[in-house]
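Reviewing the structure listed below.
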There are 2 protein chains.
Amino acid sequence: MPTLSLADAEDLIASALRRCATREDNARSVARALVAAEADGQKGHGFSRVPSYAKQAKVGKVDGNAAPSAALPRPGLIAVDAAHGFAFPALDLATEMLPEVTKSQGIAAAAIKRSHHCGVAGHVVEKLAGEGLVSLVFANTPSAIAPAGGSVGIFGTNPIAFGCPLEGRAPIVIDLSLSKVARGGILAAKQRGEKIPEDWALDADGKPTTDPEAALKGTMAPLGGAKGATLALMVELLAAGLTGAQFAAEASSFLDSDGPPPGTGQLIIAVDPRAFGSAARFAVLAGMLEAQDGARLPGVRRYALRDKARRDGIVIADALKAEIQAL
Amino acid sequence: MPTLSLADAEDLIASALRRCATREDNARSVARALVAAEADGQKGHGFSRVPSYAKQAKVGKVDGNAAPSAALPRPGLIAVDAAHGFAFPALDLATEMLPEVTKSQGIAAAAIKRSHHCGVAGHVVEKLAGEGLVSLVFANTPSAIAPAGGSVGIFGTNPIAFGCPLEGRAPIVIDLSLSKVARGGILAAKQRGEKIPEDWALDADGKPTTDPEAALKGTMAPLGGAKGATLALMVELLAAGLTGAQFAAEASSFLDSDGPPPGTGQLIIAVDPRAFGSAARFAVLAGMLEAQDGARLPGVRRYALRDKARRDGIVIADALKAEIQAL
């Protein structure tokens, strides 16, 4: 299988997107995000997304030529309209504007609507941590999780990300979705003809199932049972309700070219820890955690994979590379 | 067992606290919070806390005469010093100041340090929802949860609360701690001489245990395994790291009169949904949820119990009433 440098991988993806009705700056933004995901070992948000993204741009489900725009309805709020383009140019705009607003106001939020798949939410908080800011990201996705006691998926897998700067070293980056496992794990079990563990998913009646077919027709189990489903509701209300985006149950798939744009949302909240004089405290807790055998700070594995990818490049499957080149 | 009206219960608790080195306004604030918890069926944060609170005030572990103070280091940030008093007067101050700041800035935060047990975090977000605001509360508590892969508790059970107004009806109120179960469940099993389920707690070596004794010497299992422990880290960094409060591992117990003040922290973030014109959207998701058999909005059970308590009063055990009267 061929190995690509990060720069070559970015060129490969950007030029494929340009050939599929996406303008240069947007294609670059998307390519940067997907390569960064792949480099961090987040394959579900990396190269594998290119064919699907490109097809959605080609048919106009994603507007590859959209220009995100921003308004400031209040001194601490940035309202970003992703204009049914890719999420990444809108996220770039938000993270470019947030540091100045956050540093003057102490706290600020960027609410993104008419958006799409946000990719690795951890990259957003990592960028803001690079500006010395503590931040949270909430994003919604198409339906995957049912409310506690119910059986119909009306919440997405709804990632929460959190970033926190550490003086003199890489930030703490938390990035987790609220489903117990990723849907890819169920798809893989189905392909192998295997059963899935009983706590991964629920069938269409809301009952635990070990049959991957039944699971794919049902809903994903939230992490931690009813509490996890409740957190998914919270993220849905923040990422879509507050921002004015489409709820999970109103959103079309991020994966295929069918239907209208998904129109999902993202909410980013950033705080300047210098306002409280507390920036040095984060390292105290990081030290307590790292003093324990077997424990490590979230994000550390991704940084190690990223270093390796920068040094050695990233492997891409022949078939996927050929598919991207043929787009 | 005697039944008390809410007003009588408040008088009973306030006068006990006044006799234990707590000034009138602080005693009223604490009594209101504990009665509200009891009325909502949150017994772990209700009457049962009075003897322990009073003893802590008597020996000065909590300063019953403290006056919380607030500064505005930035236009959107309120820095509250609870001055090692009870948390409730500081939370009252924060929730009184937040609506005006949030409505002008669009988003605001109150960071409380040198604080104590925050009680029912859901009451804070409910009050802000009454002002039309969406809000989040993060609070830390003394050590209970170990990091993923580790075995030493350095995070609290660390509640997250979220509130969201619904036009013409009571708000959505989410309030959950990040441990799988409350420690009280383990204490009860120990008293009954019973084993506990394997997924409730970990022993001092970080291994799952069914022995309640070993569990009490170890740590509480986080909800949802490693992801839950990571959320507990996030809350610790927000509620204590950012606010400048004591981390879980630095904090003394909320329950006994030993040691210095716990000095824990709370972070409240509030957003004005009217800034995005999205306030009516929350009811859309609430409607989708309530259309499902078996699903109900978080907070609904508490509202029902509260209505009943307002109507019928609250039962208090004879022994506890006598203990409070004797303080």
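Taken together, the values in this text are just the output of simple stated rules run on the coordinates, not laboratory data. Everything numeric here is computed off the predicted structure, so don't read it as measured data. Quick reminder, even Gly has a Cβ in these numbers, built from the backbone with ideal geometry, and neighbours come from all protein chains shown.
Place a point 7 Å from the Cα of B:Arg274 along the Cα-to-Cβ direction; which residues of the stretch B:129-148 have their backbone N under 14 Å from it? Residues passing the 14 Å test: B:129-134.
Here the stretch A:112-154 is scanned for amide nitrogen atoms under 15 Å from the site 7 Å beyond the Cα of A:Leu255 along Cα-to-Cβ, giving A:117, A:141-145. Candidates A:Ala94, A:Ile78, A:Ser29 compared by Cα position along the dipole of the stretch A:17-102: farthest toward the positive end lies A:Ser29, with charges placed on Cβ.
Per DSSP helix of 4 or more residues, -39500 (n - 2.57); summed, then divided by the residues of chain B. What does that give at 222 nm, rounded to the nearest 500?
Values: 11 runs with 124 residues, N = 327.
Taken over chain B, the calculation gives -11500 deg cm²/dmol.
Sorting B:Ile107, B:Ile174 by the number of Cβ atoms found within 10 Å of their own Cβ, with the fewest placed first, yields B:Ile174, B:Ile107.
Compute the Cα gyration tensor for the stretch B:140-247, then decide on rounded, prolate or oblate, letting a ≥ b ≥ c be the square roots of its eigenvalues: rounded whenever a/c is under 1.5, prolate when a/b is larger than b/c in the other cases, and oblate in all that remain.
Working: a/c = 2.43, a/b = 1.47, b/c = 1.65.
Oblate.
Kindly write out, for the stretch B:71-85 in residue order, the coupling ³J(HN,Hα) from the Karplus curve 6.51 cos²θ - 1.76 cosθ + 1.60 (θ = phi - 60°), rounded to whole Hz, with x marking Gly and Pro. Result, rounded to whole Hz: 10, 10, x, 9, x, x, 10, 10, 9, 9, 9, 6, 6, 6, x. If you build a Gaussian network model of chain A, linking Cα atoms that sit under 10 Å apart, which residue out of A:Leu237, A:Leu305, A:Leu202 swings the most? Of A:Leu237, A:Leu305, A:Leu202, the most mobile in the Gaussian network model is A:Leu305.
How large is the charge dipole for the protein assembly as shown, taken about the Cα centre, if only the Cβ atoms of Lys, Arg (+1) and Asp, Glu (-1) carry charge, to the nearest 20 debye? List each step's numbers first, then the result.
Values: 68 positive and 68 negative charges, 27 e Å.
Roughly 120 debye for the protein assembly as shown.
Scanning chain A for the beta carbon that comes closest to the axis linking it by rotation to B yields A:Gly224, 2, distance in whole angstrom.
Filter the GluC sites (Glu not before Pro) in the stretch B:186-257 to those in DSSP coil with at most 14 other Cβ atoms within 10 Å of their Cβ, and list the result. Can you show the working numbers first?
On the way: sites: B:Glu194, B:Glu198, B:Glu213, B:Glu236, B:Glu250; in loops: B:Glu194, B:Glu198.
Answer in residue order: B:Glu194, B:Glu198.
Taking a ≥ b ≥ c as the square roots of the eigenvalues of the Cα gyration tensor, an a/c ratio of 1.5 or more together with a/b no larger than b/c marks the stretch B:35-114 as oblate.
Couplings 3J(HN,Hα) of the stretch B:209-219, computed from phi: 9, 9, 8, x, 4, 5, 5, 5, 7, x, 10 Hz, in residue order, whole Hz [Karplus 6.51 cos²θ - 1.76 cosθ + 1.60, θ = phi - 60°; x for Gly and Pro].
The overall shape of the stretch B:206-266, judged from the alpha-carbon gyration tensor, is oblate: a/c is not under 1.5, and a/b is no greater than b/c. Here the spin labels are modelled as points 7 Å beyond Cα on the Cα-Cβ line, and at B:Asp293 and B:Glu213 they lie 4.8 nm apart.
Computed about the Cα centre, the dipole magnitude for the stretch A:170-217 is approximately 120 debye when only Lys and Arg (+1) and Asp and Glu (-1) carry charge, each at its Cβ. If only the Cβ of Lys and Arg carry +1 and only the Cβ of Asp and Glu carry -1, the dipole of chain A around its Cα centre is close to 140 debye.
Once you put a point 7 Å from the Cα of A:Leu72 and another 7 Å from the Cα of A:Lys43, both along the Cβ direction, what distance in nm separates them? Rounded to a tenth, the inter-label distance reads 4.5 nm.
Would you mind getting me the FRET efficiency between A:Ala319 and B:Arg310? Use the beta-carbon distance for r and R0 = 60 Å, nearest 0.05. The partial results should precede the final answer.
Numbers: r = 67 Å, r/R0 = 1.11.
Using R0 = 60 Å, I get an efficiency of 0.35.
Label-point spacing for B:Thr3 across the identical copies (point 7 Å from Cα in the Cβ direction), in nm and ascending order: 7.7. Here is how far apart the B:Ser257 label points are across copies: 7.6 nm, shortest first, using a point 7 Å from Cα toward Cβ. With label points defined 7 Å past Cα in the direction of Cβ, position A:Glu213 shows copy-to-copy spacings of 5.2 nm, given to one decimal and shortest first.
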